[in-house]
1. What is segment 63-130 by shape, rounded, prolate or oblate, if you read a ≥ b ≥ c off the alpha carbon gyration tensor as root eigenvalues and call it rounded for a/c under 1.5, prolate for a/b larger than b/c, and oblate otherwise?
2. To the nearest 10 square angstrom, how much accessible area does TRP41 have with a 1.4 angstrom probe?
3. How would MET74, MET166 rank on accessible area, largest to smallest, probe 1.4 Å?
4. Quick one: which residues, 5+ away or cross-chain, put their amide H under 5 Å from the amide H of CYS68? H built at 1.01 Å from N.
5. Give me the orientation-averaged projected area of the Cα convex hull of segment 30-105, in nm², one decimal.
6. If you place +1 on the Cβ of every Lys and Arg, -1 on the Cβ of every Asp and Glu, and leave all else neutral, what size is the dipole of segment 1-95 about its Cα centre, to the nearest 20 Debye?
7. For ILE115, what residues show an amide H to amide H distance below 5 Å, using hydrogens built from the backbone and excluding near sequence neighbours?
8. Given 0.36 nm per residue, what is the gain on full extension from ASP157 to ARG120 after removing their alpha carbon distance, in nm?
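The values are calculated or read from the model by the stated rules, or taken from the named source; none is laboratory data. What you are looking at is a predicted structure, and each value in this text was computed from that prediction instead of being measured. Here the Cβ positions follow ideal geometry from the backbone for every residue, glycine too, while neighbour counts run over all protein chains shown. For accessibility, only protein heavy atoms count, side chains too; no ligands or nucleic acids. Shrake-Rupley method; radii C 1.70, N 1.55, O 1.52, S 1.80 Å.
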Amino acid sequence: SLGVTTEVGSKHLMDVSRSLSDHLINWGKEENDIGRIDSIWLSHAHVGHYDGLFQFGREVMGTSSIPCHLSKSMHEFCMSTPPLASLFDEGHLIAEVFDGDASIEISELVAISPIKVPHRDEFSDTHGFVIKGPKRRLLYLTDHDSWDETLGFHEADDIRSWLSSM
């Protein structure tokens, strides 16, 4: 998981592992703001990337209306998995299905772009995320099969040129 805090203090979580409580404590203890999440971004349907979502339900945190950014196939996976579907059906999470690699602004200075990457896609496709600030960019790429496949998929000659094109 990766936590992104914007210049206005909004908090955005990339993937949600079963260690969510530890992540939230470490992320929020400076601001005394433990547990607040403004959005969730899911990369794919492998355990360790989504299994912490269950903690947002009524049995643990009982959250309400947290935007959850995910691909169409990840959304289909969630909706076909009853315990996950209930998080959306009961309004704990709100599905924000992204299309392609369109940039989504999360503040005036920060945007996130999903980037499809090749990986074992048994349950859903796989995405990395480019977090773009006013001066720098960060690539959040938790899983992909190999650099050769990823670079070939994006028709890039090398990692540096691929990153420069984002």
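1. Values: a/c = 2.99, a/b = 1.16, b/c = 2.58.
The shape class here is oblate.
2. For TRP41, the solvent-accessible surface is approximately 0 Å².
3. Working: MET74 0, MET166 45 Å².
Greatest to least solvent exposure: MET166, MET74.
4. ILE40, ILE94, ALA95, GLU96
5. Values: hull surface 23.4 nm².
Projected area, direction-averaged: 5.8 nm².
6. Working: 6 positive and 12 negative charges, 21 e Å.
Magnitude of the dipole: close to 100 debye.
7. GLY128, PHE129, VAL130
8. On the way: separation 37, 0.36 × 37 = 13.32 nm, distance 2.25 nm.
Going from the current span to full extension adds 11.1 nm.
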